[in-house]
Each structure stands twice: as structure tokens, then as C-alpha cells.
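I have placed the structure first, in the form of C-alpha cells, so that the comments after it can refer back to it.
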């Protein structure tokens, strides 16, 4: 008797609505940010690691001329992060994650965003503390995609 079962879906796998997309990513972008609620976090900017995954449709981002204007540029992500952090202090990582995700989704070539932030210097007994969000752009009918 065959006792094999189908492999479980990865918990971080994109939904089927994104299977026609490629994934662009920046991993562990290290920035200095004024973020946190603890007194010791409000004294000075601290290290913050940001991971970003953008899901972009192949149909809109498959370069025909091998030119940067045919794709979503990584510099766009870095600029969005820098502009948001320049606006001043942030209390919660949840706020920053949601805000960055919405700003990245504003790009017409981006269908979905997975984004996480991680503060590596908050507690001495763990590598970091963080938050992750996954946002999908509303489809043309106005309903959110799965």
C-alpha cells in the first residue's frame, strides 16, 4: 500500500493568483531607523533589516530589449524605503510594514508584496524581533485577489 501523501504547500508560497508572476526580492536591506516604543529605542536610530518580495506579472515585465525601463527596478524599492524612513519616527513595525507595502503596491507593475522588518538589537537573547505582511493589489473589479 502506498502511504505517500502529497507534499504540503509551503506556508510562504504565493497564492495561485500570482503564479503568472516573477518574484523580485531584496534580502536584508540594512537601514538605520528611528523605530520603537521602548525608551532605549527612542534615543537614537537603530539597525533595521528589511526583506521585500515583489510579485510582478511576466506579461508586463519580460524585457524585449534588455532595458531597465521594461522591469521594476530594485532602486524603486530602496527609494520607497528611504523616503518613508526620512519622514520621521515610527512606533510600530506593523505600521512601517503596512505603509511600505502599500507604497510599493502603488507601482503599476507590482501585483503583490511580501515585506518584513526585523530589529536585531532589541533583545540580547534572540536574533531579532520582527513583523511580516503580505498584501495583494485589489483586482480590476475592486475585490481583493486571494
Counting only residues that are more than 14 Å from the chain's Cα centre (by Cα) and outside any loop (DSSP other than H, G, I, E, B), the stretch 83-121 contains a total of 4
How many residues of the stretch 55-77 are under 21 Å from residue 30 (Cα atoms), out of contact with any strand residue (DSSP E or B) (no Cβ under 7 Å at 6 or more places or on another chain) and not in a loop (DSSP other than H, G, I, E, B)? The answer is 2
- [ ] Inspect the stretch 93-104 for any residue being under 21 Å from residue 44 (Cβ atoms), touching a helix residue (DSSP H, G or I) at 6+ places or on another chain (Cβ under 9 Å) and surrounded by 11 or more Cβ atoms within 10 Å (Cβ to Cβ) and give the result as yes or no.
- [x] yes
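How many residues does the stretch 1-39 contain that are modelled with pLDDT of 90 or more and either within 17 Å of residue 120 (Cβ to Cβ) or outside any helix (DSSP H, G or I) (or both)?
So the first thing to find is which residues in the stretch 1-39 are modelled with pLDDT of 90 or more, and the list is 18-39.
Okay, now just the ones that are also either within 17 Å of residue 120 (Cβ to Cβ) or outside any helix (DSSP H, G or I) (or both), so 19-38.
The total comes to 20.
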- Message: On the basis of being over 26 Å from residue 19 (Cβ atoms) and exposed (fewer than 12 other Cβ atoms within 10 Å of the Cβ), does residue 130 make the cut?
- Response: no
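The values are calculated or read from the model by the stated rules, or taken from the named source; none is laboratory data. Not measured: the values here are computed from a predicted model. Please note: Cβ atoms are built from the backbone with ideal geometry, for glycine as well, and neighbour counts cover all protein chains shown.
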